[in-house]
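Everything below concerns the one structure shown next.
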Amino acid sequence: MRPEDFPHDIQPHLVPEPQGRLIYRCLGCGGEFGIEKLLYICPDCRSVLLLYDSAFDRLKETPGKVWRRIFDYRRMLNMPALNGIYRYHELIGPVMPIDSIVWLGEGHTPVVEASAYLQERAGARFFFKNDGQNPSASFKDRGMASALSYINYLLKYGDVDEILAVCASTGDTSAAAALYASYLYPRVKSAVLLPHKRVTPQQLSQPLGSGAMVFEIPGVFDDCMKVVEQLSENYNVALLNSKNAWRILGQESYSYEVAQFFEYDMKNRVIIVPVGNAGNITALMSGFLKFLDIGVIEDLPIIIGVQSVHANPVYQYYLEEDPERRHFEAVHVSPSVAQAAMIGNPVSMPRVIRLADQYNRMAGDRKVFVVEVSEQEIMDWHLIANRHGHVSCTHGGECLAGMVTAVKQGLIDSSHSVVLDSTAHALKFSNFQEMYFENRFPEEYGVVPKSELINAPMLVRPEDLDEVPESGKPLAGKSLDRFINRVSEEIAHRLELKKV
Ligand code: F0G
């Protein structure tokens, strides 16, 4: 629809002008810093930062009801810059001029309700939000669209000529970073650091295909993270990990989309996310808090983070019920099928602690929880979900396993409807499915395949056929007829088909 065709009261709000005053605020000392330069840690106390709009209160002058109409009408606007996460421009990047926004198709991923059979089996009403349907097949594109739009803005309007973007990654951040950086080539180039042999072949192929410089490092993600932190503090590079607060802003779009999907009615909703570096759960809380603050939603949903027993520092932290006595300690991780979340020392932990506290206070009750699941549960529920119409990655399976655990613990009951974040596409992690189906999980994972979940291709090559087609040597005439007949017979026999 063309802008002039929208209702008159909506027209002035459809295409936002740059506005607001974004600042970095330190979560340690409370220091505030301008955004002219990229900052990742507080120059004074080295704590992590978040971006705040110091003119946020202006947004409260518009009633929540009006905001809802603006966001709903923007759905019909045919303007690429506002087709993705910047539909919520005023919350995600208010200072951003439209011409700096980079949109590669991210955002507005489908929310798919599970079949009646699967809901019954899992014990709750639930949906998957398929963030694997983003351009690089994971939710990371949301934050990367925000970070690279900001870099694009600096290149256009700041005194920056070129940028080398770097990140450490368990695979998906690097895929997204390399993709968005390559769109801004030649002024932006990218380098990614990956833990050697700890990303899947599909994930490795992504930054290679986008032309990034790819470095493989011995150790796990936490080791790679230390190296990029060192690089970003000592060299002239732009850090694209979620330590970069622009990433968090972009990932808030997930909350806004979920709210919009449910017509902004968040009462009795539960959102479940896997937790690794803890950027996603940070963004989720921050997003819902902002929507509550400007009156777009009236209730905060319950948020449940899920961790594997093999990488569970956030779960461990919240095991202590008394907030005063909680103490964060990094853990050593073991191999996990939720490999992208295999992180022992999450960079966003101070953000989680701060925001969960604020979230529970605003909700007037505890609404943020963390549950733990086994590797076996993750794998089994991942496979079960996909046997019933989903395209969930192992981390989506982790969410489903977490939901089943939360139902058992009484956190979720029949009054709730639940959204599970399938953070990546199933295809990125198909090697774990293969390991399960072929019963070759190394012992350290602790996964034993259940026969009823195993599937394997069956070769149909009737013994009595002398000739079968081969590449470059097709069959013809009688031998082709014989081949078709025998193979059909064999398949009909295996499927126990009856003749019509
Ligand atoms: N799911 C997937 C598919 C991921 O790639 C990640 C994180 C997570 C869940 C955990 O999210 O870190 O925000 O708590 N992957 C990062 C990476 C660390 O490098 O790709 P988080």
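The values are calculated or read from the model by the stated rules, or taken from the named source; none is laboratory data. Just so it is clear, the structure is predicted and the values come from calculations on it, not from any experiment. Neighbour counts run over all protein chains shown; Cβ positions are idealised from the backbone, glycine included. Surface accessibility is based on the protein's heavy atoms, side chains included, excluding ligands, DNA and RNA. Shrake-Rupley method; radii C 1.70, N 1.55, O 1.52, S 1.80 Å.
List of remarks:
- Which listed residue is touching a residue at least 12 places away in the same chain (Cβ under 8 Å) and either among the polar types (S, T, N, Q) or within 13 Å of the ligand (Cβ to nearest atom) (or both), from Val309, Val228: Val228
- Here Val331 passes the criteria (1) of a type in the set (A, V, I, L, M); (2) under 26 Å from His196 (Cα atoms); (3) under 21 Å from the mean Cα position of the chain (by Cα) except the one numbered (3).
- Screening Ser232 with (1) at pLDDT 95 or above; (2) in a helix (DSSP H, G or I); (3) open to solvent by less than 30 Å² (accessible area, probe 1.4 Å) gives one miss only, at (1).
- Checklist (1) out of contact with any strand residue (DSSP E or B) (no Cβ under 8 Å at 6 or more places or on another chain); (2) open to solvent by 60 Å² or more (accessible area, probe 1.4 Å); (3) within 30 Å of Arg366 (Cβ to Cβ) applied to Glu489, failing item: (3)
- For Ile151: the one exception among (1) β-branched (Val, Ile, Thr); (2) open to solvent by 40 Å² or more (accessible area, probe 1.4 Å); (3) assigned to a helix (DSSP H, G or I): (2)
- Residue-level check: of (1) assigned to a strand (DSSP E or B); (2) assigned by TED's automatic domain parsing to the domain that holds Pro201; (3) buried (at least 19 other Cβ atoms within 10 Å of the Cβ), Met144 misses just (1).
- For Leu420, the criteria (1) within 16 Å of the ligand (Cβ to nearest atom); (2) exposed (fewer than 11 other Cβ atoms within 10 Å of the Cβ) hold in every case but one, which is (2).
- Any hit, the stretch 346-362, residues being surrounded by fewer than 18 Cβ atoms within 10 Å (Cβ to Cβ), acidic (Asp, Glu), more than 27 Å from Gly287 (Cβ to Cβ) and modelled with pLDDT of 95 or more: no
- For Leu355, the conditions (1) within 14 Å of the ligand (Cβ to nearest atom); (2) under 21 Å from Met225 (Cα atoms) all hold with the exception of (2).
- Of all residues in the stretch 264-290, those satisfying the criterion of being over 12 Å from the mean Cα position of the chain (by Cα) and without any contact (Cβ under 8 Å) to a residue 40 or more places away in the chain are Asp265, Met266, Lys267.
- Residue check for Ala311: within 22 Å of His395 (Cα to Cα) and either touching a strand residue (DSSP E or B) at 6+ places or on another chain (Cβ under 8 Å) or open to solvent by 40 Å² or more (accessible area, probe 1.4 Å) (or both): no
- Of the helices (runs of 4 or more DSSP H) that lie entirely inside the stretch 344-459, those containing 1 or more residues that are under 30 Å from Gly28 (Cα atoms) span 349-363.
- Selected residue (only one of Asn360, Asn277 is among the polar types (S, T, N, Q) and closer than 23 Å to Ala401 by Cα): Asn277
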